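Trainee: I am attaching a structure below and will ask some questions about it afterwards.
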Amino acid sequence: MTVAHRIYLDNHSTTRVDPRVLEAMMPYFTEQYGNAASRNHEFGWEAERAVEKARSQAAALINAKPKEIIWTSGATESDNLAIKGVIEFYKEKGNHIITVQTEHKAVLDTCKALERSGTATFTLIKPKPDGLVDLDDLRAAITDKTVLISVMHANNEIGVIQPVAEIGAIAREHGIIFHSDGAQSVGKIPVDVEAMNIDLLSISAHKIYGPKGVGALYVRSRKPRVRLQAQMDGGGHERGMRSGTLAVPMIAGLGEACEIAGAEMAVEAARVQALRERLRHKLFEELDELYINGDLEQRLPGNLNISFAFVEGESLMMGLREIAVSSGSACTSASLEPSYVLKALGVGDDLAHTSIRFGIGRFNTEEEIDVVAEKVIKEVRRLREMSPLYEMAKEGIDLKSVDWG
Amino acid sequence: MAYSDKVIDHYENPRNVGSFEKEEEGVGTGVVGAPECGDVMKLQLKITPKGVVEDARFKTFGCGSAIASSSYITELVKGKSVDEVRGISNTEIVEELSLPPVKIHCSVLAEDAIKAAISDWEAKNGGDKDAS
Ligand SMILES: Cc1ncc(COP(=O)(O)O)c(C=O)c1O
């Protein structure tokens, strides 16, 4: 199998660095390798200029001001800094967090860690079966101790886009800080921290054709000014919120990735969505018993998450060896539990085990989509012929009524 | 996770996929696992009146290692007596297919499928003999 034949359809996991991004990064490895904190020579100044340019590029993409961008190592760190930073800074005001069952582990496990240490309590909202948060459930979860609402913009498994503007308005109305994990949405769909009332927004470079290991946290500077307790102590970089020598080449890459994403978003989103629809239609034309997980309308353009009933996800991935996708099947995770995101939607474990996530991105082509559709159809048919469940279903047996012992 | 060559071979060229008529003379059927757990194996053994496994079929819903485990046992059981087959343990499957620790449960399920198929055969055939 040669590299040329591989097809990458796992763009929610990470993305290829855009060659234009790499080009923007290179000078800061080779010639302009100064420390952005060096105030007394040209090397330092040019590094600082690069960092400030990137800050403007990232800010422009989300309608923020440059000084509201704090560089981090990625969305995991941004989520940690946002949640722990708020809880620790505002401890006099309250200690309660509201978040959602379908959040990324970087949010959920941060909340759990705060609960374990006795620093905070949190309420997990169960989403509707389409994956969207019910605003009434959100309102009902608010207490006089609630200081933070954290709801992701777009979900990494099912691509569902939450009504963040409405959530932000509710938070604002109650004087609660609103954090949103934008790792999957920024650069893919419009994000406007003003229009959406977002106070804190996590960004990751490697999801938007930038390098791995760098990200940003947007921190609102006024109306209201949001304060954070730093989680990394040291030289006081990033206005004291995140110490550590700035990763200048990576930050330059993130800036460039933001600039490209902003300039090309409308065209790219339409193209990627057309590829997604092409794949969806081909699969649904040829195969029965397919189920889409998550709302199809409020969804990232490049996301398709399908349960292929009667075919276990890992076995399907094995048949698609030269195609990179991911599955909600337990067999692909260390935990032996199928996807907690699908579970939160009320998808049964039986169907969760058969789910495949296709993540279409900037570098995918129509030819690739056609190859993928053909392979998936062929493998699903083959594996269904091998599946005792498919045989039983075709015999008219209701699998739910079977006593599996 | 990388798969062993033998797992890949069984997955790509599964042996003895299919079904016998459940009511056919000498056929014992075992269905083990559950859809909620991500694995269901159906194993059928065709056993001669003298108690020798002459043929086997399987269908499996499960990961590649579960498919490979069930495919492998259909080969392993052929020509063996019911007593020999009953004695097959999952470690034989683990060794043959070089299953990693996280996939041991696939081999356990395959062993369970063998035992279930034999019980079914005994209930239908051997059971009568014991009673007479
Ligand atoms: C929604 C979401 N949040 C956070 C992360 C973590 O981002 P990073 O890899 O930059 O730490 C990811 C990526 O896996 C993600 O999809």
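Trainee: At a 1.4 Å probe radius, carbon and sulfur cover how many percent of the accessible area of chain A?
Mentor: 52
Trainee: To the nearest 20 Debye, how big is the dipole of the stretch A:160-232 about its Cα centre, given +1 on the beta carbon of each Lys and Arg and -1 on that of each Asp and Glu?
Mentor: Dipole magnitude for the stretch A:160-232 comes out near 280 debye.
Trainee: Which residues belonging to the stretch B:18-32 lose at least 30 Å² of 1.4 Å-probe accessible area when the assembly is complete, relative to their chain isolated?
Mentor: Flagged in the stretch B:18-32: nothing.
Trainee: Here's something else I'd like to know. Across peptide A:353-362, what mean number of C-beta atoms from other chains lies inside 10 Å of a residue's C-beta?
Mentor: Counting other chains' Cβ atoms within 10 Å and averaging over A:353-362 gives 1.
Trainee: Work out the charge dipole of the stretch A:211-366 with +1 on the Cβ of Lys and Arg and -1 on the Cβ of Asp and Glu about the Cα centre, then indicate which of A:265, A:296, A:338 is farthest towards its positive end.
Mentor: Of the options given, the answer is A:265.
Trainee: On to the next question. Please give the helix A:366-385 orientation as an angle from the longest Cα principal axis of chain A, in degrees from 0 to 90, rounded to the nearest 10.
Mentor: 50
Trainee: Starting from the Cα gyration tensor of the stretch A:122-229, take the square roots of the eigenvalues, sort them a ≥ b ≥ c, and report rounded, prolate or oblate (rounded when a/c is under 1.5, otherwise prolate if a/b is larger than b/c, else oblate). All intermediate terms of the calculation are to be shown ahead of the outcome.
Mentor: Working: a/c = 1.93, a/b = 1.23, b/c = 1.57.
Because a/c hits 1.5 or more and a/b fails to exceed b/c, the stretch A:122-229 counts as oblate.
Trainee: Here's a follow-up. Indicate the residues belonging to the stretch A:364-403 that lose 30 Å² or more of solvent-accessible heavy-atom surface (probe 1.4 Å) upon moving from the chain alone to the assembly of all protein chains, ignoring ligands and nucleic acids.
Mentor: Relative to the lone chain, where solvent access is computed with a 1.4 Å probe, the stretch A:364-403 loses at least 30 Å² at A:382, A:385, A:386, A:388, A:389, A:391.
Trainee: A further question on this structure: Which residue, chosen from A:221, A:354, A:160, occupies the Cα position most advanced towards the positive end of the dipole of chain A, where the dipole is computed from +1 (Lys, Arg) and -1 (Asp, Glu) charges on Cβ about the Cα centre?
Mentor: Farthest along the dipole direction, towards plus: A:221.
Trainee: Expressed as an acute angle from 0 to 90° and rounded to the nearest 10, what is the orientation of the C-alpha long axis of helix A:105-116 relative to the principal long axis of chain A?
Mentor: Its long axis makes an angle of about 70 degrees.
Trainee: Ok, one more. Between the helical axis of A:164-173 and the dominant principal axis of chain A, each derived from Cα atoms, what acute angle in degrees is found, rounded to the nearest 10?
Mentor: 50
Trainee: If the only charges are +1 at each Lys and Arg Cβ and -1 at each Asp and Glu Cβ, what is the size of the charge dipole of the protein assembly as shown around the Cα centre, to the nearest 20 debye?
Mentor: Working: 62 positive and 81 negative charges, 381 e Å.
Dipole of the protein assembly as shown, to the nearest 20 debye: 1820 debye.
Trainee: Shape of chain A from its Cα gyration tensor (a ≥ b ≥ c, root eigenvalues): rounded if a/c is under 1.5, otherwise prolate when a/b > b/c, or oblate? Before the final figure, lay out each step's value.
Mentor: On the way: a/c = 2.26, a/b = 1.40, b/c = 1.62.
The shape class here is oblate.
Trainee: OK, next. Take peptides B:62-73, B:109-120 and line them up by average Cβ neighbours within 10 Å, highest first, as a rough protection proxy.
Mentor: Packing order, densest peptide first, comes out as B:62-73, B:109-120.
Trainee: If you roll a 1.4 angstrom probe over the protein chains with everything in place, what fraction of the accessible area of the stretch B:1-118 belongs to carbon and sulfur, to the nearest %?
Mentor: Exposed carbon and sulfur together represent 51 percent of the surface.
Trainee: Could you size up the charge dipole of the stretch A:214-318 around its Cα centre, putting +1 on the beta carbon of Lys and Arg and -1 on that of Asp and Glu, and report it in debye to the nearest 20?
Mentor: 980
Trainee: For the pair B and A, how large is the buried accessible area, both sides, in square angstrom to the nearest 100, if the probe is 1.4 Å?
Mentor: On the way: alone 6750 and 17880 Å², together 22390 Å².
Chains B and A together bury approximately 2200 Å².
Trainee: Using the charge dipole of the stretch A:16-89 (Lys, Arg: +1 at Cβ; Asp, Glu: -1 at Cβ; taken about the Cα centre), state which of A:64, A:54, A:43 has its Cα farthest towards the positive end.
Mentor: Value computed over the given set: A:64.
Trainee: Now for a separate question. Starting from the Cα gyration tensor of chain B, take the square roots of the eigenvalues, sort them a ≥ b ≥ c, and report rounded, prolate or oblate (rounded when a/c is under 1.5, otherwise prolate if a/b is larger than b/c, else oblate).
Mentor: Prolate, since a/c reaches 1.5 and a/b exceeds b/c.
Trainee: Ignoring ligands, DNA and RNA, what accessible area per residue does the stretch A:199-324 give at 1.4 Å, in Å²?
Mentor: On the way: 4640 Å² over 126 residues.
I get 37 Å² per residue for the stretch A:199-324.
Trainee: Moving on to the next point. Taking C-beta distances below 4.7 angstrom as the pairing criterion, name the unpartnered cysteines of chain B, in sequence order.
Mentor: B:37, B:106, each lacking another Cys Cβ under 4.7 Å.
Trainee: Remind me, relative contact order of the stretch A:146-231 in percent, using alpha carbon pairs under 8 angstrom and six or more residues apart?
Mentor: Dividing the mean separation by the residue count of the stretch A:146-231 yields 24 percent.
Trainee: Set the bar at 22 Å for Cα to Cα. Now go through A:375/A:400; A:394/B:103; A:188/A:343; B:22/B:124; A:378/B:59 and name every pair that lies beyond it.
Mentor: A:375/A:400; A:394/B:103; A:188/A:343
The values are calculated or read from the model by the stated rules, or taken from the named source; none is laboratory data. Note that the structure is a prediction, hence the values are computed from the model and not measured. Cβ sites come from the backbone with ideal geometry, for glycine too, and all protein chains shown count toward neighbours. Calculation scope for accessible area: heavy atoms of the full protein, side chains included, ligands and nucleic acids excluded. Shrake-Rupley method; radii C 1.70, N 1.55, O 1.52, S 1.80 Å.
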